[in-house]
Amino acid sequence: MTAPGARVADVTAVMHKVVDAMPVAPNLVDYDTARAQFSWDAARARLAGLPAGGVNIAHEAVDRHATGDAAQTAALRWLGRDGTRRTLTYAELAAETSRFANVLAALGVHAGDVLFMLAGRVPALYIGVLGALKHRVVVSPLFAAFGPDPIATRIRRGEGSVLVTTAALYRRKVAAMRAHLPSLSHVLVVRESPDDVLPEGTHDLAALLAAASPVYHIAATDPETPALLHFTSGTTGTPKGALHVHAAVTAHRETARVALDLRAGDVFWCTADPGWVTGTSYGIIAPLCLGATLVVDEGDYDAERWYDLLAREAVTVWYTAPTAVRMMMKGGSGAARRHVYPALRFIASVGEPLNPQGVHWGLEAFGQPIHDNWWQTETGGIMIANFAASDIRPGSMGRPLPGIDAAIIARTDDGVRVIDEPGVQGELALRRGWPSMFRTYLHDADRYARCFAGAWYLTGDLARRDADGWFWFVGRADDVIKSSGHLIGPFEVESALLAHPAVAEAGVIGKPDPTVGELVKAFVALKPGIAASPTLERELLAHVRTRLGPAVAPREIAFVPALPRTRSGKIMRRLLKARELGLPEGDTSTLETMA
Ligand code: AMP
C-alpha cells in the first residue's frame, strides 16, 4: 500500500489491499463465503441475552461487560472542551447507567415513555441514553444545534415525557416553549458549574444520580420493544419519527464488526454528533457492544486538534464524514503528517458521497484510505460498505454487508421491477428483514407502508450497481437536502420563512457546495407592497436562524416575484434548482449527479 504523503496519479483506479501485509488480520477476509454462510440467527446467538429474558441494548452494550473480563476496561474516554478528561470503565458505566434507570423509576417514568436528549457530547448524555434503555424507555436524541422550533416539533410529535438537557440549553431553547409541551413531565438538567442556577421547573440531574442506587436489574425485554426514536426529514409535512426496537442491537454489533472492522480492545472515535443516528448507533451502542473503548470529544471540529487527538489517544478505528474530510483536505495533508498514527488501523466515512480524492487523501495524510459506507436513519445500521479486507473502488459506496441484499429497482404501476443490467440508474432497495430495520414512522403507518414494495424497502436514493456488485451513489430521488451530513427537510425551512409577516411564498433547495455538500438556499416571494432589500434579507436569515438553529437555516436567500408550482400547487423545487444551476429548465435529470 502507498506510504503516507505519496500522491496517486489515477484516483479512480481500484485500490488493491494486501491482507497478509496488514499488522492485524481484518474481519471479513472472504466476502463471498461470509455472505453465503451468514445468518441473522447466528448473529443473534452472539448476543449475551438478558438474564431476565429477551434482548436489551443497554445490557449488550454495558452490563454484559461489567460482569465479565472487561469490567475494568475503559468504556468511555471523555475529552472535555476545557481539557478535562474522564474515563468510565465498563463497571463504572454500568453503575452510572443503573443510577439513571433508578432515577427514572423513582420519578414514575414507565417503560414505553419517551425521553428526549438535548445535550452536547457530555458524559450525562451517554449515561442517560443507556440508562433509559435499561428502564425500557424510548430514547429520542435531538441535535443540540437545533433552534427552539425543531426541538418543540419533535417533542410534541414524540409526546416526550422526559427531557434531559443542560441548564444553558434549557434556558435558551426550551423554557419559553415549556407551556406548549404538555406531555413533558420531567426535565433533568446538567449544570455546567455549582453556581449555575437550576432553572425553574427542572431537576438537578447530578443530585438525583448521587442519591440513586447503582444497582438496577433490567426487566425482561421483548426484542420488539421500542428503543430509539430518530427523527428524520422528508420533503413534506413534519419530520418523520423512525422507530427502532431493542432487536436492532444484533445489527449494531454485527455491522460494526464487519463494516468498521471493530473488536474488543479497539479505541474507537466516531465524530458524528449523538443527535443523529450515526452518533447513536455507532457513537454509543455498537462499539460498546464489542467491548471497545469509545473516545468522546466534546469540542467542535478543528483539524489540528483532531490530528493531535487521533495520534495522542492512539485511536485504532475512526468513523467520520465527508464534510469533515473535505474540510481537512482544504488545509492540505501536511498538517496531518506532522503527527504519526501507528495505532490507526481503519478509517471509514458515511453520510454523503465520498469522492475518490477523499479516499486517497486518507492514504496521503494518515497512511490509510478512507472507506465509504452507506446507510440511513431508517436502516438503523450500515448496509453497504467498503471493507477493511477488500479492494476499494474509489467513489463507490462498496458492497452490501453479509445478511443484506441490495438491488437497483424501478417503480412500476403495480410495484417494482428489479433492474438486473449493471450500470443502469434506479432506486436503491433493500430486501426487508434485517434486525435494525425501523418498525414504523410514529403516527404515520401509511407513510411507513409506502416505503415497501413486496419484499423490498425503498430507500429514496438513486444509485447504480456495477457488473461486480459494487454500488455507486447517484443522488436523492426526492428534494431532501444534505448539508454537512445532516438531512434537512425543505418543508421545515419553508414553514419557518412563512411565519415571517413579509413572506408570501417560500421554496427551499440544496445548492451544491464544495465543502458542505449542499447549502440551504431559499427563494422567497414577498407579500404585495413589501420591497426586497438587503436589510430584509438579513432580517429573514436571522428570523429563521433563531427559530431553527444555524445548522438548518438558509445560508442564502433570493427574492423572486413568484414561485413555480405544479398544477396541483406543489412548489417545483427541482425547477428552482435547475435555474440556480443554470441548467435547461426542461432537464432536471442531471441534478442528482450534482448533489
Ligand atoms: P440520514 O438518514 O440522516 O442518515 O441520511 C441518509 C441519507 O444520507 C441517505 O439516504 C443518502 O442520501 C445519504 N448518504 C448516506 N451515506 C451515504 C454515502 N456513503 N454516499 C452517499 N450518500 C449517502
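The values are calculated or read from the model by the stated rules, or taken from the named source; none is laboratory data. Treat the numbers as computed from the prediction; the structure is a model and nothing was measured. Every residue, glycine among them, receives a Cβ derived from its backbone with ideal geometry; neighbour counts consider all protein chains shown. Only protein heavy atoms, including side chains, enter the accessible area calculation; ligands, DNA and RNA are left aside. Shrake-Rupley method; radii C 1.70, N 1.55, O 1.52, S 1.80 Å.
I'd like the residue in region 443-459 that is of a type in the set (A, V, I, L, M) and either more than 16 Å from the ligand (Cβ to nearest atom) or closer than 22 Å to residue 282 by Cβ (or both) and, out of all such residues, is surrounded by the most Cβ atoms within 10 Å (Cβ to Cβ).
To start, the set of residues in region 443-459 that are of a type in the set (A, V, I, L, M) comprises 445, 449, 453, 455, 458.
Then keep just the ones that are either more than 16 Å from the ligand (Cβ to nearest atom) or closer than 22 Å to residue 282 by Cβ (or both); that gives 445, 449, 453, 455.
Numbers: 445: 10, 449: 11, 453: 19, 455: 13.
The selected residue is 453.
Just wondering, is there one or more residues in region 304-319 that are of a type in the set (A, V, I, L, M), within 11 Å of the ligand (Cβ to nearest atom) and touching a residue at least 24 places away in the same chain (Cβ under 8 Å)? Break it down stepwise before answering.
Residues of region 304-319 of a type in the set (A, V, I, L, M): 309-311, 314-315, 317.
Keeping just the survivors that are within 11 Å of the ligand (Cβ to nearest atom) gives none.
Checking region 304-319: not a single residue is of a type in the set (A, V, I, L, M), within 11 Å of the ligand (Cβ to nearest atom) and touching a residue at least 24 places away in the same chain (Cβ under 8 Å).
If a residue must be crowded, with 20+ Cβ neighbours inside 10 Å and on the phi > 0 side of the Ramachandran plot, how many such residues does region 460-517 contain?
Residues meeting the conditions: 3.
Residues to consider are 147, 131, 120; find the one that is closer than 19 Å to residue 246 by Cβ and either surrounded by 24 or more Cβ atoms within 10 Å (Cβ to Cβ) or not assigned by TED's automatic domain parsing to the domain that holds residue 545 (or both). If you could, list the steps in order and put the result at the bottom.
Values: 147 fails: closer than 19 Å to residue 246 by Cβ; 120 fails: closer than 19 Å to residue 246 by Cβ.
Among 147, 131, 120, only 131 is closer than 19 Å to residue 246 by Cβ and either surrounded by 24 or more Cβ atoms within 10 Å (Cβ to Cβ) or not assigned by TED's automatic domain parsing to the domain that holds residue 545 (or both).
Checking the structure you have, find out if any residue of region 184-202 is in a helix (DSSP H, G or I) and either small (Gly, Ala, Ser) or under 23 Å from residue 93 (Cα atoms) (or both).
First, pick out the residues of region 184-202 that are in a helix (DSSP H, G or I): none.
Taking every residue of region 184-202 in turn, none turns out to be in a helix (DSSP H, G or I) and either small (Gly, Ala, Ser) or under 23 Å from residue 93 (Cα atoms) (or both).
Kindly indicate the residue of region 353-373 that is farther than 18 Å from residue 485 by Cα and assigned to a loop (DSSP other than H, G, I, E, B) and also farthest from the ligand (Cβ to nearest atom) among those meeting that condition.
367
Looking at the structure I just gave you, is residue 331 within 16 Å of the ligand (Cβ to nearest atom) and touching a helix residue (DSSP H, G or I) at 6+ places or on another chain (Cβ under 8 Å)?
no
Output the residues belonging to region 276-293 that are of a type outside the set (A, V, I, L, M) and either open to solvent by less than 10 Å² (accessible area, probe 1.4 Å) or over 16 Å from the mean Cα position of the chain (by Cα) (or both). First the steps, then the outcome.
The initial filter retains those residues of region 276-293 that are of a type outside the set (A, V, I, L, M), namely 276, 278-283, 287, 289, 291, 293.
Listed by number, the residues that qualify are 279, 280, 281, 282, 283, 287, 289, 291, 293.
Taking strands (runs of 3 or more DSSP E) that do not extend beyond region 457-571, which have at least 3 residues that are in contact with a strand residue (DSSP E or B) (Cβ under 9 Å, 6 or more places away or on another chain) and charged (D, E, K, R)?
503-513
Would you call residue 340 under 21 Å from residue 279 (Cβ atoms) and at pLDDT 95 or above?
Numbers: under 21 Å from residue 279 (Cβ atoms): no; at pLDDT 95 or above: yes.
No; evaluated as a whole, the condition is false for this residue.
Filter region 374-391 down to the residues that are surrounded by fewer than 23 Cβ atoms within 10 Å (Cβ to Cβ) and not in a helix (DSSP H, G or I), then identify the one that is nearest to the chain's Cα centre (by Cα).
This residue is 376.
When you scan region 117-127, do you find a residue that is part of a loop (DSSP other than H, G, I, E, B), at pLDDT 95 or above and of a type in the set (Val, Ile, Thr), even just one?
yes
Restricting to region 425-442, name every residue that is more than 22 Å from the chain's Cα centre (by Cα) and open to solvent by 70 Å² or more (accessible area, probe 1.4 Å).
Here is the first cut: in region 425-442, the residues more than 22 Å from the chain's Cα centre (by Cα) are 425-426.
425 - this is the single residue of region 425-442 that is more than 22 Å from the chain's Cα centre (by Cα) and open to solvent by 70 Å² or more (accessible area, probe 1.4 Å).
When the residues of region 219-269 are narrowed to those that are among the hydroxyl-bearing types (Ser, Thr, Tyr) and open to solvent by less than 20 Å² (accessible area, probe 1.4 Å), which ends up farthest from residue 66 (Cα to Cα)?
233
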